[in-house]
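Data first, discussion second: the structure below is written as C-alpha cells.
Derivation of every value follows stated rules applied to the coordinates shown; laboratory data play no part. Note that the coordinates shown come from a computational prediction; the quantities given were computed from them, not determined experimentally. No Cβ is skipped: glycine too gets one built from the backbone with ideal geometry, and neighbour counts run over all protein chains shown.
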C-alpha cells in the first residue's frame with residue numbers, strides 16, 4: 001500500500017485553518033497516487049483542546065468541518081483525528097476519534113480506547129473510551145487503527161503497564177494486516193528514541209508494518225516534535241518525518257527499509273532546538289513577531305537572548321540593561337559583548353533613581369526596620385515594571401529568564417524577574433544551562449566566556465552570589481531531579497548525597513514556593529516532569545514529610 005503521511009502543525013481552535021491543511025495534504029496525496037493519506041490525532045481541532053470541548057458550539061463546528069472534509073474525498077482514503085459524539089445513558093458521549101473517509105463520506109470511525117490521565121494529560125475529563133476496536137477492510141488491507149496512548153501499553157515492551165487493556169493486540173487478534181497510529185505525543189528529551197524502541201518491538205513481535213503519524217508544532221508549553229515513523233513487519237524503521245517541522249512523505253509498504261542513522265541528537269542540541277521551536281511557535285500562534293529580554297549579564301538571560309534571536313531574528317529581538325548600584329562593571333561589559341556578538345538592539349535604563357525614590361517614599365512606613373530582602377525584591381520589581389511597560393508600548397513578547405533550579409526553590413521575585421509571557425528555560429536546570437552554552441561556543445564564542453565562568457549572582461546586594469542562599473548547583477540539581485522527576489522522598493535523597501541538612505533545606509524551599517509557581521509564566525516542557533499542569537500540588541498543605 002502506498003501511504004502519504006501528513007505531519008501537520010495545527011492551531012488549537014483554528015478549525016478552518018486546520019481543515020485547509022488536511023485537505024491540502026490530502027490533495028497532494030491524491031496527486032502522488034497514494035492509496036491512503038494519514039493525519040495526526042485531533043488535528044482538526046488541535047491538541048489539547050482542553051475545556052473548549054465543553055463548548056457545544058465548538059463541537060458542532062468541528063463536526064461540520066469533518067463532514068466538509070469527507071465530501072472532498074474520492075477513492076483515495078483519508079484518516080484524520082477529530083472529536084465525535086455518540087450519546088447513550090452513561091458518560092459524556094464525546095470521543096477522541098480517528099475518521100476514515102473516502103468516496104465523499106465518513107466510512108469508518110475508531111474511538112480512542114486508552115485515555116491518559118497523568119502528567120500533562122487529562123483526557124478522562126473530556127472523553128469516553130471506545131467500547132471496542134474494529135478492523136476495517138480497505139484496498140486489500142485490514143487496517144488496525146489506534147490513537148496515541150492506545151499503542152503505549154505493549155506487554156512485550158513495558159515491564160509495568162498502565163492499563164489492563166491492550167487495544168493494539170486486540171486489533172492484531174482481529175486480523176489486522178497494517179497498523180496505523182495517529183498521535184499527538186508531547187516532546188521530552190529521550191522520548192523520540194523511546195518511541196522508536198517501543199514501536200520497533202511491537203511491529204517485530206506482531207510481524208506487522210506500522211505507520212505512526214504524529215503532529216508537529218507547539219501549543220503554549222507543550223512541544224510536539226513530529227518525527228512520524230514507519231516500520232516494516234520486522235521492526236525496522238523505514239521512514240522518519242522531519243523534526244520540529246511540518247512534513248509530508250510517502251511510505252510504500254512493499255519497499256525495503258530506507259532509513260539509517262540516529263533519530264535523536266545529543267542533549268544540548270535537542271533541548272536547544274526544542275526551546276527555539278517552542279518560543280517561535282508561541283510567538284506565531286499568539287500573534288507576536290518580536291521578543292524582549294531583560295539582559296543582566298548572567299548566563300540565563302544570555303541564553304534566553306540567543307534563543308529569542310534564533311526564534312524571531314536579530315532584527316526582532318530587543319534587550320534592556322537595567323543596572324543598579326550593585327551591578328558590576330563586568331556584567332555590563334559582558335552584556336554589551338553579547339549584544340555585539342548577536343547583532344541586536346538594546347537600551348540601558350538604570351533603576352537606581354527609581355529605587356532611591358521608592359525607598360524615600362517608604363522610609364516613614366519602614367521606620368525602625370533594617371534593609372533586607374524587601375529592598376532586593378524592590379529592585380527586581382522595578383525592572384519588571386520597566387520591561388512590562390516597554391513590552392506593552394512596542395508589542396514585544398517578554399521572555400522570562402528563570403531556570404528550573406531557581407523556579408524550584410523560589411529563587412525569583414514575583415512581579416519582578418518572573419514577569420513575562422513565557423518561561424523559555426524554566427524546564428532546564430542551571431547545570432544544563434552551562435552545558436548548552438558551552439555547546440553554543442563549540443566553534444566560536446557566542447556567549448562571552450566571562451559570563452560562563454563567573455560566579456552566578458542576582459546582584460541585588462553587595463558581593464552577592466547565588467551560593468549565599470543555595471548549595472552549589474551540581475548538588476542542588478541532583479536533589480531537585482530526584483525530588484521533582486523521580487518523586488523520591490527525603491530519606492532516599494539524603495542517603496544518596498549524604499547531606500540531610502542541605503536536603504531538608506532544599507525540599508522545604510521547593511514545597512514552600514508552590515504559590516510562586518502557580519503565578520509563573522507557562523514553562524516550555526522539555527523534560528518528563530515540567531512545572532505547569534503536569535505537576536499539581538496544593539499551595540496550602542501540612543503533609544508531614546518526616547524530616
May I have the extent of the alpha carbons of the stretch 145-200 along their three principal axes, as whole Å values ordered from largest to smallest?
35, 23, 17
Mean separation of Cα contacts under 8 Å (6+ apart) over length of the chain, as relative contact order %:
11
152, 543, 158 arranged by Cβ crowding within 10 Å, fewest neighbours leading:
543, 158, 152
Could you state the principal axis extents of the C-alpha atoms in the stretch 2-255, from the largest down, to the nearest angstrom?
46, 43, 35
Consider the candidate values (1) 25.2, 81; (2) 25.8, 86; (3) 22.2, 68; state which one is Rg and Dmax of the Cα atoms in Å computed from the structure displayed.
(2)
If only Cα atoms are counted, what is the Rg of the stretch 323-383, and what is its Dmax, in Å?
15.0, 48
Ranked on Cβ counts within 10 Å of their own Cβ, fewest leading, 292, 208, 42 go 208, 292, 42
Students often check this: by mean Cβ neighbours within 10 Å, which of 31-38, 487-494 ranks highest, and how do the rest follow?
31-38, 487-494
Relative exposure of 215, 419, judged by other C-beta atoms within 10 Å (fewest first):
419, 215
Rounded to the nearest 500 deg cm²/dmol, what is the calculated helix-only ellipticity per residue at 222 nm for the chain, with -39500 (n - 2.57) per DSSP H run of length n ≥ 4?
-11000 deg cm²/dmol
Going 7 Å from the Cα of residue 508 in the Cα-to-Cβ direction, what parts of the stretch 461-485 have a backbone nitrogen less than 16 Å from that spot?
469-471
Percent of all alpha-carbon pairs of the stretch 234-362 at distances over 25 Å, whole number, is 49
Take every DSSP beta bridge whose two residues both sit in the stretch 2-255, then give the antiparallel share in percent to the nearest 5.
70
How high is the relative contact order of the stretch 2-255, in percent, with contacts defined as C-alpha pairs under 8 Å that are six or more residues apart?
19
On average over all directions, what projected area in square nanometres does the stretch 338-453 have, based on the convex hull of its Cα atoms?
9.3
Rounded Å value of the spacing that divides the Cα centres of the stretch 203-245 and the stretch 130-151:
17
Looking only at the chain, where both bridge partners belong to it, what percent of the DSSP beta bridges are antiparallel (to the nearest 5)?
55
Output ordering of 264-272, 300-308, 354-362 (per-residue mean of other Cβ within 10 Å, highest first) is 300-308, 264-272, 354-362
What number, in nm² with one decimal, is the all-direction average of the projected area of the convex hull of the alpha-carbon atoms of the stretch 103-239?
9.3
